[in-house]
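K.L.:
This is the structure I have questions about; it appears just below.
FYI, it's all coordinate maths here, none of it is from the lab. The structure presented is a predicted model; accordingly, all values stated were derived computationally and were not measured. Cβ sites come from the backbone with ideal geometry, for glycine too, and all protein chains shown count toward neighbours.
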Amino acid sequence: MSRILVIGSNGQIGSELTAALASEHGSANVVAADVTPPALPQCTQFVSLDVLDNARLREIVVKHSITDIYLLAAVLSARGESAPLSTWTLNVNSLLNVLELAREKRVSRVFWPSSIAAFGPHSSLEIAPQWAIMDPTTIYGASKVAGERLCEYYFAKFGVDVRSIRYPGVVGYKAPPGGGTTDYAIAIFQAAKRGEPYHCFLDAHTTLPMIYMPDAVRATLELMKADPGRLRIRSSYNILGTSFSPAELTRSIRKRIPRFQVTYVPDFRQQIAQSWPRSVDDSQARADWGWEPRFDLEALVEDMIANVPLDWERSPPARAAS
Ligand code: SER
């Protein structure tokens, strides 16, 4: 039986993953951890944790007999640029703290997310291959490449069962994203639903790999359930949901909300986005653990329009509801 600790459980992915893990393994077997308690009650037990506090992390793992850790705490690409040192420290040292616990056999399995941000200008950006030149231009991307190397190292050297996915931009409606370059693809829906124009911080034709939250969560659960003998990648797997540009997303939203207007006012995030691939080759994930997305652009748009709150303050999302 798995006893699970989700670190970063208040975040965009963490909150939804916590709920999914609770329904799969039982609420009593999942412990949610973050620096502050959740805004709304969650279906699992909550513990406060700064993942850089190694003593506290160890205390929680022992006290709750944790077997599996999902480490979702991180500073994302755009926010990271204003605080490079603390971004590197959080993103890399948190992983080291968790991998060390696994090396000492205090936990059996680790999930840690990498990102399309691990790629860079020389990575074959039309369709980034599983094995590519990795020359990221952001501190977030650099921390993800370092993390991938650490995962592979701890697996090869110490047999640590660590598994990872390079998430594309993740689009969801239950919790706000925080400081990413792909956040436009959520904010745009809220403007459309409010009947307001949207000022997009990326250029109209900047295509990026994206994934809808239910696919991202399912991918994570499926990878963690996969037979370890079939996993040939211990750095991080490419996966793709769908790829689109702001202009293509706008066109799809307009099919449902015809008067919706978007203006393009690219800022520093445009440069970050341009250093990322337009799509990724996820054939290795398909071959090794049967990855297959279910949501294309139209299905994503349909579901987002139906469910996204008008804004996060006025109608807080039902975080991690079971
Ligand atoms: N969605 C993330 C970001 O924009 C990429 O991992 O930073």
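K.L.:
Would you mind telling me which numbered condition in (1) more than 16 Å from the ligand (Cβ to nearest atom); (2) buried (at least 22 other Cβ atoms within 10 Å of the Cβ); (3) among the hydrophobic types (A, V, I, L, M, F, W, C) residue 75 fails?
P.N.:
(1)
K.L.:
Separate question: Tell me, which residue of region 129-161 that is crowded, with 22+ Cβ neighbours inside 10 Å and in a loop (DSSP other than H, G, I, E, B) is farthest from the chain's Cα centre (by Cα)?
P.N.:
For region 129-161, the residue satisfying everything is 160.
Yes/no per residue for (1) in a strand (DSSP E or B); (2) of a type in the set (Phe, Trp, Tyr); (3) touching a Gly at 6+ places or on another chain (Cβ under 8 Å):
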{"site": "39", "(1), (2), (3)": "no, no, no"}
{"site": "74", "(1), (2), (3)": "no, no, yes"}
{"site": "87", "(1), (2), (3)": "no, no, yes"}
{"site": "99", "(1), (2), (3)": "no, no, no"}
{"site": "110", "(1), (2), (3)": "yes, no, no"}
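K.L.:
Say whether the condition of being surrounded by fewer than 18 Cβ atoms within 10 Å (Cβ to Cβ) and more than 21 Å from residue 110 (Cβ to Cβ) is met by at least one residue in region 225-236.
P.N.:
No, region 225-236 contains no residue that is surrounded by fewer than 18 Cβ atoms within 10 Å (Cβ to Cβ) and more than 21 Å from residue 110 (Cβ to Cβ).
K.L.:
If I ask for residues that are within 30 Å of residue 136 (Cα to Cα) and either under 18 Å from the mean Cα position of the chain (by Cα) or of a type in the set (S, T, N, Q) (or both), which ones from region 43-67 would you list?
P.N.:
51, 54
Let's see how each residue does on (1) free of Cβ contacts under 8 Å to residues at least 12 places away in the same chain; (2) surrounded by fewer than 16 Cβ atoms within 10 Å (Cβ to Cβ); (3) under 13 Å from residue 189 (Cα atoms); (4) not acidic (Asp, Glu):
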| residue | (1), (2), (3), (4) |
| --- | --- |
| 239 | no, no, no, yes |
| 267 | no, yes, no, no |
| 273 | no, no, no, yes |
| 277 | no, no, no, yes |
| 290 | no, yes, no, yes |
| 308 | no, no, yes, yes |
| 311 | no, yes, yes, no |
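K.L.:
Quickly run through region 241-265 and pick out the residues that are touching a strand residue (DSSP E or B) at 6+ places or on another chain (Cβ under 7 Å) and either free of Cβ contacts under 8 Å to residues at least 24 places away in the same chain or more than 13 Å from the ligand (Cβ to nearest atom) (or both).
P.N.:
Scanning region 241-265 gives 242, 243, 244, 246, 250, 262, 263, 264, 265.
K.L.:
Out of region 68-125, which residues are among the β-branched types (Val, Ile, Thr) and closer than 21 Å to residue 13 by Cα?
P.N.:
Hits for region 68-125 are 69, 75, 87, 89, 92, 98, 110, 116.
K.L.:
Any residue that is touching a Cys at 6+ places or on another chain (Cβ under 9 Å) and more than 20 Å from residue 77 (Cα to Cα) - is there at least one of those in region 127-146?
P.N.:
no
K.L.:
Let me ask something else. Among the residues of region 253-277, which ones are part of a helix (DSSP H, G or I) and closer than 22 Å to residue 195 by Cα?
P.N.:
253, 254, 255, 256
K.L.:
Taking the condition of being out of contact with any Asp or Glu (no Cβ under 9 Å at 6 or more places or on another chain), within 13 Å of the ligand (Cβ to nearest atom) and basic (Lys, Arg), how many residues in region 135-182 meet it?
P.N.:
The number of residues fulfilling the criteria is 1.
K.L.:
May I pose another question? For region 271-295, how many residues are more than 16 Å from the ligand (Cβ to nearest atom) and under 21 Å from residue 200 (Cβ atoms)?
P.N.:
0
K.L.:
Restricting to region 167-181, what's the tally of residues that are of a type in the set (Val, Ile, Thr) and without any contact (Cβ under 8 Å) to a residue 60 or more places away in the chain?
P.N.:
Number of matching residues: 0.
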